[in-house]
Amino acid sequence: MSENQTFSIASIPGDGIGGEVVAAGLRVLDTVAKLSEGAIAFDVTEFPWSSEYYLEHGRYIPEGGLEELKAHDAIYFGAVGSSEVPDHTSLWGLRLAITQPFDQWANIRPVTFLPGVRSPLRKADDTELDWIVVRENSEGEYAGMGGRNLSGRGPGNEVALQTSVHTEVGCERIIRFAFDIARSRSVKKVSSVTKSNAQQYGMVLWDEVFARVAQDYPDVETESVLVDAMSAKFVLHPEDLSVVVASNLHADILSDVGSALAGSLGLAASANLNPERRFPSMFEPVHGSAPDIAGKGISNPIGAISSAALMLDHFGLDEQADEVRQAIENVTAAGILPRDLGGDSNTVEMTEAIVSQLEDIHARAN
Ligand code: GGG
């Protein structure tokens, strides 16, 4: 590794438990920097953009805010969602206001089964399960196209349109991205998910692009599965999965099912990538702001810490990323678990246990 690499990170804790899980991830990154003995540094700038900020200023991201973010190597995001702001206002005001203009078109969401964590799937007891959901992150059902109209119909007869947009370019880039990931895995398989029997335009286009792109990857096994059948497959035959590529909405739902099967939504990590690196990519736990437990210090930091490991991968710090993932595995294998996984460790105790494992792993390797 070259000496003195400094990575600038924009941190946006956001709402609810976002603050505590982002603090946990930054504590782990601090440890990675300390263990590198000066070779790596993370220069973190915190942005206070949240629902509280919105209620005070009338917007989530101030004028010029995206320009400020653009100057960073990566964004580390917590969560957005508050009982005081409609969910569609907060999602479009903060998370989508970053992912869409920064063209973070690939959202990867690994489904990871950790040792010591009980899965609701009996099969997980004796079968190696590990797959990755690749979410189209720029268009589809999240295109924001549509409208509402009451005119000429009167109260009780309103009409609303919510239009999905699937472009050939958008389908092709995410499908190729999924195939490239599949090639790097031991099981070289891509499962494409649509609902093209019912949605005969956009999702048929997706299926056709999938079939065409697949011809360029003869070494990768493929299947096309309807989203309802794929939901059943997640539960009944998850051992058949390696890379699952789906539209914005379908992949969002499927990845929640996947992380619940792995034990909890609190475990799930994600990376919103701009693969061309024209804009910073954004790393965030899949979970939301969890207002029911916010402020109690008991949230599960594993999703956020695993997302920080994905950020390390993005920086080319593969060894450090693997050490963080190993530290998490060692902690759960030792039975140190947060509340959502049936344990009694709080956020800080979980984080310190992971930090301590990271130090041990690093010391043994060096
Ligand atoms: N950390 C992820 C987060 O806060 N997500 C909020 C949310 O409601 N996401 C829904 C979505 O992105 O589709």
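Here region 167-226 is treated as a Stokes sphere of Kirkwood radius computed over C-alpha pairs; at 4 °C and 1.567 mPa s its diffusion coefficient rounds to 112 µm²/s. In this simple spin-label model, placing a label point 7 Å from the Cα along the Cα-to-Cβ direction at both GLU63 and ARG118 gives a separation of 5.6 nm.
Using the Cβ-Cβ distance between ASP292 and TRP92 with R0 = 25 Å, the FRET efficiency computed as 1/(1 + (r/R0)^6) comes to roughly 0.60. Packing order of peptides 160-169, 20-29, 299-308, highest average first: 299-308, 20-29, 160-169 (average count of other Cβ atoms within 10 Å over each peptide's residues). Residues of region 85-129 with an amide N closer than 15 Å to a point placed 7 Å from the Cα of VAL169 along the Cα-to-Cβ direction: 101-106. Leaving out same-chain residues fewer than 8 places away, which aspartates and glutamates sit with a Cα under 13 Å from that of LYS189? Output for LYS189: ASP130, ASP180, ASP219, GLU221, GLU223, GLU239, ASP240.
Leaving out ligands and nucleic acids, and using a 1.4 Å probe, what accessible area per residue does the chain come to in Å²? Before the final figure, lay out the partial values.
Numbers: 16270 Å² over 366 residues.
Heavy-atom SASA per residue in the chain reads 44 Å².
Considering region 119-262 at the alpha-carbon level, its Rg and Dmax are found to be 17.4, 61 Å. The simple spin-label model puts a point 7 Å past each Cα toward its Cβ; for ALA39 and ALA71 those points are separated by 3.0 nm.
Could you point to the residue in ALA39, VAL133, ASN157 farthest towards the positive end of region 1-157's charge dipole, with +1 and -1 charges on the Cβ of Lys/Arg and Asp/Glu respectively? The residue sitting farthest along the positive end of the dipole is ASN157.
Taking amide H atoms as placed 1.01 Å from N in the peptide plane, the amide H of SER11 lies under 5 Å from those of THR45, GLU46, PHE47, TYR76, each 5 or more residues away in sequence or on another chain.
Taking 41 Å as R0, compute the FRET efficiency from the Cβ-Cβ separation of ASP318 and ASN157 and round it to 0.05. Could you put the intermediate results ahead of the total?
Working: r = 58 Å, r/R0 = 1.40.
E between ASP318 and ASN157, to the nearest 0.05, is 0.10.
Would you mind putting 189-202, 250-263, 215-228 in packing order, based on average other-beta-carbon counts within 10 Å, highest first?
Numbers: 189-202: 18.6, 250-263: 21.6, 215-228: 14.4.
My ranking of the peptides, most packed first, is 250-263, 189-202, 215-228.
The alpha carbon convex hull volume per residue for the chain rounds to 160 Å³. Subtracting the Cα-Cα distance of ASN4 and ASP216 from 0.36 nm times their residue separation leaves 72.3 nm of extension gain. The GNM of the chain, with springs linking C-alpha atoms under 10 angstrom apart, assigns the highest mean-square fluctuation among ALA353, ALA79, ALA229 to ALA229. The simple spin-label model puts a point 7 Å past each Cα toward its Cβ; for GLU359 and GLU46 those points are separated by 2.3 nm. Summing Lys and Arg as +1 and Asp and Glu as -1 over all other residues whose Cβ lies under 11 Å from the Cβ of LEU205 gives a net charge of -3. Working note: Karplus 6.51/-1.76/1.60 with θ = phi - 60° gives region 219-229 the couplings 7, 10, 6, 9, 8, 10, 10, 6, 4, 5, 5 Hz, where Gly and Pro are set to x. Kindly state, to the nearest 0.05, the FRET efficiency for GLU128 paired with ASP256, given R0 = 22 Å and r defined as their beta-carbon distance. After rounding to 0.05, the efficiency reads 0.50.
For ARG176 and GLU239 in the same chain, what is the full-extension length gain: residue separation times 0.36 nm, less their Cα-Cα distance, in nm?
Numbers: separation 63, 0.36 × 63 = 22.68 nm, distance 2.27 nm.
Stretched fully, the ARG176-GLU239 segment lengthens by 20.4 nm.
The values are calculated or read from the model by the stated rules, or taken from the named source; none is laboratory data. Only a predicted model underlies this, so the values are computations on that prediction, with no experimental measurement involved. All Cβ positions, even for glycine, are placed from backbone atoms using ideal geometry, and neighbour counts span all protein chains on display. To get the accessible areas, we keep the full protein, side chains included, count just its heavy atoms, and leave off ligands, DNA and RNA. Shrake-Rupley method; radii C 1.70, N 1.55, O 1.52, S 1.80 Å.
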